[in-house]
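What follows draws every value from the coordinates through simple rules; no lab data is involved. Computed from a predicted model, the values in this text were never measured in an experiment. When we count neighbours, we look across all protein chains shown, and the Cβ atoms used for this are built from the backbone with ideal geometry, even at glycine.
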Amino acid sequence: MRHGEVHNPQAVLYERLPGYHLSDNGSRMAQVVAAEFADVPLTHLRTSPLLRTRETMAPVAAEHPGLQVHYDPNLIEAGNKFAGMKFGRYKTALVDPRNWKLLRNPFTPSWGESYEHIAQRMRTAIIDSARAAGPGGQAFVVSHQSPIWIARLSFEGRRLFHFPWTRTSTLASVTSFHFLGDECIDITYSEPAAHLLGSDGNAAFSSGN
């Protein structure tokens, strides 16, 4: 699952910065998904250690009190040198000449953690989660848009370079990786909280949206 909507009134690209928690609407998204999975026999819970993903996991964990939540740094948001900068409606950080050097190679990308490294750590986290879930089990994992999408591209054997606006991984969406042993044999996608998207027409820029 990708985390829910984040409270970000200053329109900061928060990435791995601490302290960014879910908005009220983001909390509702997490509750909706938790209700969707309340009767699913989950056997393993794992999340990125960042605050917004821990808050997204909380209502799921409450529905499955017998399971421990595991925190996995491999599920963390992609590293980004633009973190902390304000983007806003006109993406001012991108048009600032002082930042142009960060845009020199979009294929790596030059502004942060490489796509290959993200794919490697996400594959490790997802395969480990599948193993931890056990035969016939189901793991519930919470991460971030870019890592989730890159993991999907990797498991599907597609090129990792992409344009961010082409990602199919909206807020509170669920991308399911189906395994037979250690082999991913299918990937499915759903949006249980789709009715809560765009509830605030004036919502500030959200990382990865």
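Note on the stretch 154-201: dipole from Cβ charges, positive end direction compared against I187, F161, A172; the farthest Cα belongs to F161.
Summing charges over neighbours of A30, with a neighbour being any other residue whose Cβ is under 14 Å away from its Cβ, gives -2 when K and R count +1 and D and E count -1. Ranked by the mean number of other Cβ atoms within 10 Å per residue, highest first, peptides 159-168, 146-155, 64-73 order as 146-155, 64-73, 159-168. Amide hydrogen proximity for G112: with H placed 1.01 Å from N in the peptide plane, the residues at 5 or more positions away or on another chain lying under 5 Å are K81.
Which of rounded, prolate, oblate describes the stretch 119-159, given a ≥ b ≥ c as roots of the alpha-carbon gyration tensor eigenvalues and a/c under 1.5 marking rounded, otherwise prolate only if a/b is larger than b/c?
Working: a/c = 2.38, a/b = 1.75, b/c = 1.36.
It comes out prolate by the Cα gyration axes.
Close amide-amide hydrogen proximity is noted between F179 and I185, each under 5 Å apart and 5 or more residues distant or on a separate chain (H modeled in the peptide plane; Pro and chain starts excluded).
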